[in-house]
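Working notes for the structure below.
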Amino acid sequence: MKYLQETLSLSTVTPLQIIDLSEPVRAFVQSSGLQNGLLTIFSTHTTAYISINEQEALLEKDMLAFLKRQAPRDGDYQHNLKPADGRDNAHAHLLGLSMNASESIPLYAGKLALGTWQSVFFIELDGPRPARQVILHLMGD
């Protein structure tokens, strides 16, 4: 059994942003040479998450509009009275309650077992941010 890890570094430019990580994730898996195993994709942040969903432009707009409605940025939140880093970002933490910091995807015959319409997304809830990291951890043979 082999264990491989890589960190993807990215930056975000808008308060809410969806970034498709499918290609860099596939490239990492392909370069590993592993045939069977499990890939875990992990966001190291409390206001940015990983999700598997469909990549389609109008759906992406719907997703962003949905997030804005779920926890409006200008809501009356206690956390914003004394934010740890000076950012009024309680809305981002609250949105994160229904999201995942990580996703695990099986690897079969050298390919990720994603469905036809599935893509891997990094979802920024508190941007813009100049430095975000996603850890890719692959184990297999």
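Read-outs throughout are calculated quantities, based only on the coordinates presented, and are distinct from any laboratory measurement. Predicted model only: the values in this text are computed from it and were never measured. Cβ coordinates were reconstructed from backbone atoms using ideal geometry, including for glycine residues, and neighbour counts include every protein chain displayed.
Annotations
- Subtracting the Cα-Cα distance of S9 and L59 from 0.36 nm times their residue separation leaves 15.5 nm of extension gain.
- Nearest-0.05 FRET efficiency for A109 and H137, computed from C-beta distance (R0 22 Å): 0.65
- A simple count of charges around L39, restricted to other residues whose Cβ falls under 12 Å of its Cβ and scoring Lys, Arg +1 and Asp, Glu -1, yields 0.
- Cα convex hull volume per residue for the chain (Å³): 106
- Ordering 27-33, 40-46 by mean Cβ neighbour count within 10 Å, with the highest value first, yields 40-46, 27-33.
- The N80 and Q118 beta-carbon pair, evaluated with R₀ = 35 Å, returns a calculated FRET efficiency of approximately 0.50.
- Extending 7 Å from the Cα toward the beta-carbon at both L38 and H93 defines two label points whose distance is 3.0 nm.
- Length-normalised contact order of the chain in % [C-alpha pairs under 8 Å, at least 6 apart]: 56
- In order through the range 57-65: 3J(HN,Hα) via Karplus (6.51 cos²θ - 1.76 cosθ + 1.60), integer Hz, x for Gly, Pro: 4, 5, 5, 4, 4, 4, 4, 5, 5
- With a cut-off of 11 Å between beta carbons, the residues surrounding V120 carry a summed charge of -2, where Lys and Arg count +1 and Asp and Glu -1.
- Judged by the ratio a/c of the largest to the smallest principal axis of the C-alpha gyration tensor, the range 26-102 counts as oblate, that ratio being 1.5 or greater while a/b is no larger than b/c.
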